[in-house]
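The values are calculated or read from the model by the stated rules, or taken from the named source; none is laboratory data. For clarity, every value in this text was computed on a predicted model and none was experimentally measured. Cβ sites come from the backbone with ideal geometry, for glycine too, and all protein chains shown count toward neighbours.
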Number of protein chains: 4
Amino acid sequence: MIIVMKPHAAETSIKAITNYIQENGLTAHLSRGTEVTIIGVVGDKNRLSTENLISFKDVDRIVPVTESYKLANKKFHPEPSTVRVGNVSIGPGTLTVMAGPCAVEGEEQLLEVARAVKAAGAVILRGGAYKPRTSPYSFQGLEEEGLRYMQTAGKETGLATVCEVVSHESLETAVKYVDMIQIGARNMQNFILLKEAGRAGIPVLLKRGLSATIEEWLNAAEYIIAEGNPNVVLCERGIRTFETSTRNTLDISAVPVLKEKTHLPVIVDPSHAAGAYKYVTPLAKAAVACGADGLMIEVHNDPAHALSDGPQSLTFEKFDSLMKQIMPYAKLEGRQFPEKRDLEEPSPEEE
Amino acid sequence: MIIVMKPHAAETSIKAITNYIQENGLTAHLSRGTEVTIIGVVGDKNRLSTENLISFKDVDRIVPVTESYKLANKKFHPEPSTVRVGNVSIGPGTLTVMAGPCAVEGEEQLLEVARAVKAAGAVILRGGAYKPRTSPYSFQGLEEEGLRYMQTAGKETGLATVCEVVSHESLETAVKYVDMIQIGARNMQNFILLKEAGRAGIPVLLKRGLSATIEEWLNAAEYIIAEGNPNVVLCERGIRTFETSTRNTLDISAVPVLKEKTHLPVIVDPSHAAGAYKYVTPLAKAAVACGADGLMIEVHNDPAHALSDGPQSLTFEKFDSLMKQIMPYAKLEGRQFPEKRDLEEPSPEEE
Amino acid sequence: MIIVMKPHAAETSIKAITNYIQENGLTAHLSRGTEVTIIGVVGDKNRLSTENLISFKDVDRIVPVTESYKLANKKFHPEPSTVRVGNVSIGPGTLTVMAGPCAVEGEEQLLEVARAVKAAGAVILRGGAYKPRTSPYSFQGLEEEGLRYMQTAGKETGLATVCEVVSHESLETAVKYVDMIQIGARNMQNFILLKEAGRAGIPVLLKRGLSATIEEWLNAAEYIIAEGNPNVVLCERGIRTFETSTRNTLDISAVPVLKEKTHLPVIVDPSHAAGAYKYVTPLAKAAVACGADGLMIEVHNDPAHALSDGPQSLTFEKFDSLMKQIMPYAKLEGRQFPEKRDLEEPSPEEE
Amino acid sequence: MIIVMKPHAAETSIKAITNYIQENGLTAHLSRGTEVTIIGVVGDKNRLSTENLISFKDVDRIVPVTESYKLANKKFHPEPSTVRVGNVSIGPGTLTVMAGPCAVEGEEQLLEVARAVKAAGAVILRGGAYKPRTSPYSFQGLEEEGLRYMQTAGKETGLATVCEVVSHESLETAVKYVDMIQIGARNMQNFILLKEAGRAGIPVLLKRGLSATIEEWLNAAEYIIAEGNPNVVLCERGIRTFETSTRNTLDISAVPVLKEKTHLPVIVDPSHAAGAYKYVTPLAKAAVACGADGLMIEVHNDPAHALSDGPQSLTFEKFDSLMKQIMPYAKLEGRQFPEKRDLEEPSPEEE
């Protein structure tokens, strides 16, 4: 941590800070410029609530020099991680596609979608049983019934399954039925839920909050890992900006930035980012091209009658076309397409 | 709801939509322009998932014409509401100041702060027992112990009390100790928690999410009210923008906008918005001047050693000065200052 | 400037940087932490393009410690400045109200508005002769003819005048007719125009760009002052955020932030920020309460038929009411209301 | 245009509006809902300043239904345009790479960079002679001398050339030396400059403003085209958001959105968006994958000593690697790589 003093700070102000630092068992290094003095703090910063130093006299700014997340940090874990979900891998060397309806609406509907996305090459079935909706009067999900359909559809098709959880109860229920739980954008800083996910014993898909910085997102992942669960996959799904021609602004740069800062796998959800089906395929291609480890795509048997997010859902035909279009991009990136791997070339780790 | 068709939309496309609307028991009104046809939908829109109409052929845009929140909506409840917290009123005619430390750190500390803010004219004691923190390694609060101190401090000083809840458990515990619960910015769209707050039986302070639109915020309030709890107070605390000279950007316009859209009381938290104590007083004055029903201010006995949010906390002296400075503004706005009301001119409703 | 090295940076990397710094005639101060080494750079930083140091091996981050603007900086000019526009002062001790139509539409219209805003207490007449409009098909202003009307209206009413300029030509023409020129939000980083404004010889009202940080804004002011024109007034007029219930988000915190960083006067334009007349008065009161030196308000004789920005313009009656409402706030802030000063209590500096 | 009335609007209010519409030679279509009445306006909207209707009694909202830009609009020009710059095409079927230094620093430096980018496959040389810089104390460019070097480098290498202009003078000078002029982000709404670019007689590269919506950007293009210059290329270069891990947030979705709304070619500048060289290659790949017609990349002979934007500039080696990596992506998108086309397979239009 660096403390930048105001120009021509009083000697007594500098002394007060170095004393405070030393009292807390840390070391202060002074660097005196012509106008500005800088104080470097060396030692275990957990010993003092360092942000408070801003309250000391003549302090201009506090500049942190190390990230607050450790377990998610690539600096201390340079090799990229692979997360296993059921019999599926997410990480380097594969491109993992999760697909399915925004909301589980019924058993037949889900099975129909599951078979279609499986046929097109998806390896994980997504489907919402607990739906966070802006208005209390919108459809809120089938809850445990929906989870049961997810389990059935997973078994029938061989797809692994992922489902969003929104509370202690839904999490406790979900772990009984699905292979991976999702923490959605609106709960990215629901720290209680993050801690519970850290104790859930199954992999976690952590979506980025609508206005979360990458730093905050990695700290949210740290909450989960710190509870003993290293199986976290990050999902970029668009951030909130002034632009309204898409529902959110897909922050595609987050992919290479995350690849530099963390060892955790990163996937992209172009459906929620765009909010319109017609932009999903080009954005999916962009995501693969810039290094994403996977995709999450909304697919519906009848988008015009979907109970949630119809406008951004792909029909079976459009999803099949998307999968065909991204395949060569996956190859260029040296990524096995899960479909092919599962069906034809089982990887050693799956045996 | 209005459906705007693309220029020169096919007659069959228009027919498909009007049929769909009529099948759902609604009425379609056509308005044919030289280039563009517009379809107005009349009737109970809950009958169809209207956003899906965007998936129909030749549809350009869907424009909603009524808000999705009803109970929070001023159109259906024109008189401003007053919310009672303990023996304190929040609403028209009063200016209610909530003050206290970001985090409850100990019994003595809390009592000291409580006495100081009471002496300066605050009527509600704020204090965090459950702290949502970006990093899992930051101080997370004293939990139930902190709530107990809040209760003690409230009894000793006669202040009403408010405390943030972050989960089912914390909510269940908090209602036993404090007079009002707070849903924080990070949980503004934690819909499960909102519903539980709606069943909690005590007033709720609902902070705005960092990137929540006013429309989403009012829908969040609707979740609480729809469960039977009309005692919701909204708190503007800054939104996330590109500007970094303050921690968040206080959206002061939210005050007059909310006054137009909802009957719920509105308060402002300049401490979290600014993130720096030196901007708190001018922002507090601005909030009073533009119609806020109250303020929430962070005050600490020793900001330099605070366990959370020291940089934005006021000392007792600075808080006292703030209160003296806002008093004439409150009068200009025709608002009784709680201090005076409590000590000298008890209002009829308190008897 | 501080250079933060990556954890465990190689000794050769550190050496390369300190050499580079010394070759450029500057001094390097090392502070070695347990993980991270920090290099402070002391001396005249204009000697090297310091941002490039980020390209050196093992460099993690560059942290500037001094602002790039000097002439606008309060650190080097602690007393607040007063800017004279015609016979009007903008600065400490007064509250200066500029008012008038968004666009000058005709001589009669302008005179009518000028008389009305004068009667209500405004001291500067605003009016657009060159209108930057999003669409090329919108009304673009009366140009020199409009400036002539501004001059006439100023003479007839005794009001000082301000008019936006958008180019070399419009600036050259405007200085012949009006008392102050305005650089609008869209031209805040039109550096050529800023330099020309710095040589114009009359005061400049510099509006904040829609997405300009306060730092960038002050650097824009620096461009004007560096050319020899210290008479710059800053005008906050709303920034672009995700919120759509107002046209822009008035960054009210910019007022106290600027008061800390610069000696230049600061005014607020609630009309452009809100984009709706009904929010103008509460925002004007907020601006006065938090320390603004003045206001800019759009007023129109017939808002429903205005050629530009009708929705946010006040009628004469509403403007008169606004002025009556802000007067007591101005007094609380120790500010003379220009109307009173001009008419009844001429200040010494005006004699 | 649609006028949405407030719930239960008075009949007299509705009548006032329909009268006003009819007086202006337009037609009003009423659609009466249970709560809300909607008025559709049919006819040539240029006949009235429609936004003012918001000032009428009982009006809730105005919803525009057609875009204000016509010449840039794909609805009226469905075929994608190709823009010729010197002997280079930008448009469907090719992937055009512009590369070069942020600032022209000297004749030798520019030639060295020009030869290197040509060798790697770039077909247009970029280089700044007029640099818009945040601080007045930063290097501002070599001006006409720099343009002369651009011309020389273009002739020597056979590359076409593009250079930013920032004013009337720089534009007049630039057209004598280079093949294409650029309007930068900060001048995207410098409408005077846009009009002059429309009369310049050479192609224009129009960068997106930092906080410009896509709608505003297309209106800026309309300014140029409306003056008679249809040769406009749009360049996405990142927008301003809250995220600080990249300098700006590359809005990759803008590419498919623009492809739907306009016939103009679209290129992407990942260098300015990222602000860090390490993210440039993955973002370039993403841009190609989602349909961009070209790229603009900053390349420097010695980034550590560049006078501007060193941190985001690629070395020759890194640029060569980028070009090799994007080539297969260009092929997947059915795009000829200009290098190959020019050297080996001249297209008919070039003869």
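One table, with the values for the structure above:
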| read-out | value |
| --- | --- |
| Members of region A:248-263 that are touching a Ser or Thr at 6+ places or on another chain (Cβ under 6 Å) and more than 8 Å from chain D (Cβ to nearest Cβ) | A:263 |
| The lone exception for residue B:307 - which of (1) more than 30 Å from residue B:78 (Cβ to Cβ); (2) in contact with a strand residue (DSSP E or B) (Cβ under 6 Å, 6 or more places away or on another chain); (3) facing another protein chain (nearest Cβ under 9 Å); (4) assigned to a helix (DSSP H, G or I) it fails | (4) |
| Residue check, residue B:157 under 18 Å from the mean Cα position of the chain (by Cα), under 15 Å from residue B:99 (Cβ atoms) and away from every other protein chain (no Cβ under 14 Å) | no |
| Helices (runs of 4 or more DSSP H) wholly inside region C:142-254 containing at least 3 residues that are of a type in the set (S, T, N, Q) and more than 26 Å from residue B:273 (Cα to Cα) | C:144-157 |
| Some residue of region C:13-28 being closer than 30 Å to residue C:226 by Cβ, in contact with a Gly (Cβ under 6 Å, 6 or more places away or on another chain) and either within 13 Å of chain A (Cβ to nearest Cβ) or free of Cβ contacts under 8 Å to residues at least 40 places away in the same chain (or both) | yes |
| Qualifying residue in region B:318-337 (condition: outside any strand (DSSP E or B) and within 14 Å of chain A (Cβ to nearest Cβ)) | yes |
| Filter pass, residue D:318 being more than 24 Å from the chain's Cα centre (by Cα) and modelled with pLDDT of 95 or more | yes |
| Unique match (being hydrophobic (A, V, I, L, M, F, W, C), touching a Leu at 6+ places or on another chain (Cβ under 8 Å) and closer than 12 Å to residue A:163 by Cβ) among A:97, A:104 | A:104 |
| Unique match (being more than 30 Å from residue D:216 (Cβ to Cβ) and of a type in the set (Val, Ile, Thr)) among A:202, A:239 | A:202 |
| Only listed residue being touching a strand residue (DSSP E or B) at 6+ places or on another chain (Cβ under 7 Å) and not in a loop (DSSP other than H, G, I, E, B), chosen from D:18, D:12 | D:18 |
| Residue in region C:300-308 that is hydroxyl-bearing (Ser, Thr, Tyr), in contact with a Cys (Cβ under 6 Å, 6 or more places away or on another chain) and closer than 20 Å to residue C:133 by Cα present | yes |
| Residues satisfying the stated conditions in region A:142-157, i.e. crowded, with 24+ Cβ neighbours inside 10 Å and farther than 14 Å from residue A:176 by Cβ | A:153 |
| Qualifying position, being surrounded by fewer than 24 Cβ atoms within 10 Å (Cβ to Cβ) and in contact with a Pro (Cβ under 9 Å, 6 or more places away or on another chain), among A:231, A:219 | A:231 |
| Qualifying residues in region C:172-199 (those that are surrounded by fewer than 21 Cβ atoms within 10 Å (Cβ to Cβ) and not acidic (Asp, Glu)) - the one nearest to the other protein chains (Cβ to nearest Cβ) | C:195 |
| Hits in region A:21-36 (condition: among the small types (Gly, Ala, Ser), assigned to a loop (DSSP other than H, G, I, E, B) and surrounded by 18 or more Cβ atoms within 10 Å (Cβ to Cβ)) | A:33 |
| Number of positions in region B:123-165 that are of a type in the set (Val, Ile, Thr), modelled with pLDDT of 95 or more and over 22 Å from residue B:95 (Cα atoms) | 2 |
| Where residue D:244 falls short, out of the listed (1) free of Cβ contacts under 8 Å to residues at least 40 places away in the same chain; (2) at the interface with chain C (Cβ under 10 Å from one of its Cβ atoms) | (2) |
| Residue in region B:51-83 that is surrounded by the fewest Cβ atoms within 10 Å (Cβ to Cβ), counting only those that are more than 9 Å from chain A (Cβ to nearest Cβ) and of a type in the set (D, E, K, R) | B:79 |
| Those residues of region D:267-297 which are within 11 Å of chain A (Cβ to nearest Cβ), under 20 Å from residue D:113 (Cβ atoms) and at pLDDT 95 or above, in sequence order | D:270, D:280, D:281, D:284 |
| Verdict on residue C:39 being under 30 Å from residue C:221 (Cβ atoms), of a type in the set (Val, Ile, Thr), buried (at least 16 other Cβ atoms within 10 Å of the Cβ) and modelled with pLDDT of 80 or more | no |
| Selection count, region C:210-233, where residues are more than 9 Å from every other protein chain (Cβ to nearest Cβ) and within 15 Å of residue D:186 (Cα to Cα) | 1 |
| Residue within region D:63-81 that is within 30 Å of residue C:308 (Cβ to Cβ), part of a helix (DSSP H, G or I) and at pLDDT 90 or above present | yes |
| Residue in region D:277-289 that is without any contact (Cβ under 8 Å) to a residue 40 or more places away in the chain, surrounded by fewer than 24 Cβ atoms within 10 Å (Cβ to Cβ) and closer than 29 Å to residue D:301 by Cβ present | yes |
